[in-house]
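Visitor: To start, I am sharing the structure in question, which I have written as structure tokens.
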Amino acid sequence: MKRLLRALGIVLCLVIASHAFGQSTCSYNTYQWNTKEKRAVNYQKVVHPYSQLSDEERDPITGCTVCIEDQVKISIPPVKPFYVCKVIAPEIQNILEGLIRSGESIVDVTGYRVGKTRGGVDKQGNRTKFSNHAYGVAIDINPEQNGLYDKCIEFGVGCRLIRGGRWEPGKRCESIEPDGFIVRAFKELGYLWGGEIQGRQKDFMHFSLTGY
Ligand SMILES: [Zn+2]
């Protein structure tokens, strides 16, 4: 009996220790987007105790963070593996597996990618807020066929492609159809599609719970 209790004690200690160590550090590589030079600047690696997360390092809606320790690798061959926040990883895996199995052309997916590409700019012209990708709560599908457009209140010939490739639904099978299975599957789970963002930009590759 004594021996059993001691064994149980050791197991309990191991569980507590592994839990504590698993969350002890937060690390990530980040950058800022410079709006004047139109390039990424200020690359840096950040490592600090997980207990010292700042407000901007955590997404208030999902609780997901910029830490690589909170991201899960998703592997659905032949798509190259990518990372998303552990909170949404199971549903992202499910949706994409279902879509690929039913014949949708999903060839390239990106999720977690830390950088300040949103919000206001500082004196040097650097963006100051983390994007949804920084928390692993947004994914981009087939960027080469679902570009990001500016000056695009409504999609048309005047829109300017600023990232990725041309969006040509009906012509290219990797372009996301507005009323197709991919958009419908994500919307059913409460995700918003970047192709329907209000305002100047349309980001046809982008899905997230909070829009942008
Ligand atoms: Zn995106």
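The values are calculated or read from the model by the stated rules, or taken from the named source; none is laboratory data. A quick note: this is a predicted structure, and the numbers were derived from the prediction, not measured. Cβ: placed from backbone, ideal geometry, glycine included. Neighbour counts: every protein chain shown.
Visitor: Whether any residue in segment 63-85 is within 29 Å of GLN198 (Cα to Cα), at pLDDT 95 or above and among the basic types (Lys, Arg) is what I want to check.
Guide: no
Visitor: Considering only residues of segment 146-160 that are within 24 Å of THR210 (Cβ to Cβ) and not in a loop (DSSP other than H, G, I, E, B), which is nearest to the ligand (Cβ to nearest atom)?
Guide: LEU148
Visitor: Ok, one more. Output the residues belonging to segment 101-116 that are in contact with a Leu (Cβ under 9 Å, 6 or more places away or on another chain) and either outside any loop (DSSP other than H, G, I, E, B) or among the basic types (Lys, Arg) (or both).
Guide: VAL109
Visitor: Filter segment 61-70 for residues that are surrounded by fewer than 20 Cβ atoms within 10 Å (Cβ to Cβ) and closer than 14 Å to ILE88 by Cα and give the result.
Guide: Selection gives ILE61, THR62, GLY63.
Visitor: If I filter segment 117-130 for residues that are outside any loop (DSSP other than H, G, I, E, B), modelled with pLDDT under 95 and in contact with a Pro (Cβ under 9 Å, 6 or more places away or on another chain), do I get at least one hit?
Guide: No: segment 117-130 contains no residue that is outside any loop (DSSP other than H, G, I, E, B), modelled with pLDDT under 95 and in contact with a Pro (Cβ under 9 Å, 6 or more places away or on another chain).
Visitor: Here's a follow-up. Quick one: is GLY158 within 30 Å of LYS36 (Cα to Cα), touching a helix residue (DSSP H, G or I) at 6+ places or on another chain (Cβ under 6 Å), surrounded by fewer than 21 Cβ atoms within 10 Å (Cβ to Cβ) and not acidic (Asp, Glu)?
Guide: So GLY158 fails the test.
Visitor: In segment 147-166, which residue that is more than 16 Å from PRO178 (Cα to Cα) and of a type in the set (Lys, Arg) is nearest to the chain's Cα centre (by Cα)?
Guide: The residue in question is ARG163.
Visitor: Just wondering, is there one or more residues in segment 124-131 that are within 14 Å of the ligand (Cβ to nearest atom), touching a strand residue (DSSP E or B) at 6+ places or on another chain (Cβ under 7 Å) and over 30 Å from ASP55 (Cα atoms)? Before you say what the answer is, go through the steps one by one.
Guide: Keep residues of segment 124-131 that are within 14 Å of the ligand (Cβ to nearest atom), which gives 130-131.
Then keep just the ones that are touching a strand residue (DSSP E or B) at 6+ places or on another chain (Cβ under 7 Å); that gives 130-131.
In the following step, the residues that additionally are over 30 Å from ASP55 (Cα atoms) were identified as none.
Checked segment 124-131: no residue is within 14 Å of the ligand (Cβ to nearest atom), touching a strand residue (DSSP E or B) at 6+ places or on another chain (Cβ under 7 Å) and over 30 Å from ASP55 (Cα atoms).
Visitor: Taking segment 33-60 on its own, how many of its residues are surrounded by 13 or more Cβ atoms within 10 Å (Cβ to Cβ) and touching a Phe, Trp or Tyr at 6+ places or on another chain (Cβ under 9 Å)? Don't jump to the end; show me each part of the working.
Guide: Initially, segment 33-60 is screened for residues surrounded by 13 or more Cβ atoms within 10 Å (Cβ to Cβ), giving 33-35, 40-42, 46, 48, 50, 53, 56-59.
Filter once more, so that each one left must be touching a Phe, Trp or Tyr at 6+ places or on another chain (Cβ under 9 Å): 40-42, 46, 56-59.
Total satisfying the criteria: 8.
Visitor: Ok, one more. Just to check your reading of the model, which residue among ASP108, ASP140 is within 16 Å of the ligand (Cβ to nearest atom), more than 24 Å from THR35 (Cβ to Cβ), charged (D, E, K, R) and surrounded by 14 or more Cβ atoms within 10 Å (Cβ to Cβ)?
Guide: None of the others qualify; the one that does is ASP108.
Visitor: So which residues in segment 75-89 are charged (D, E, K, R) and outside any strand (DSSP E or B), if there are any at all?
Guide: LYS86
Visitor: Going through segment 161-212 one residue at a time, which ones are of a type in the set (Phe, Trp, Tyr) and either crowded, with 21+ Cβ neighbours inside 10 Å or within 11 Å of the ligand (Cβ to nearest atom) (or both)?
Guide: Once the filter is applied, which keeps residues that are of a type in the set (Phe, Trp, Tyr) and either crowded, with 21+ Cβ neighbours inside 10 Å or within 11 Å of the ligand (Cβ to nearest atom) (or both), segment 161-212 yields TRP167, PHE186, TYR191, TRP193, PHE204, PHE207, TYR212.
Visitor: I want to confirm something. Restricting to segment 111-123 and keeping residues that are over 15 Å from ARG58 (Cα atoms) and either of a type in the set (A, V, I, L, M) or away from the ligand (no atom under 13 Å from the Cβ) (or both), which single residue is surrounded by the fewest Cβ atoms within 10 Å (Cβ to Cβ)?
Guide: If we take residues in segment 111-123 being over 15 Å from ARG58 (Cα atoms) and either of a type in the set (A, V, I, L, M) or away from the ligand (no atom under 13 Å from the Cβ) (or both), then LYS123 is surrounded by the fewest Cβ atoms within 10 Å (Cβ to Cβ).
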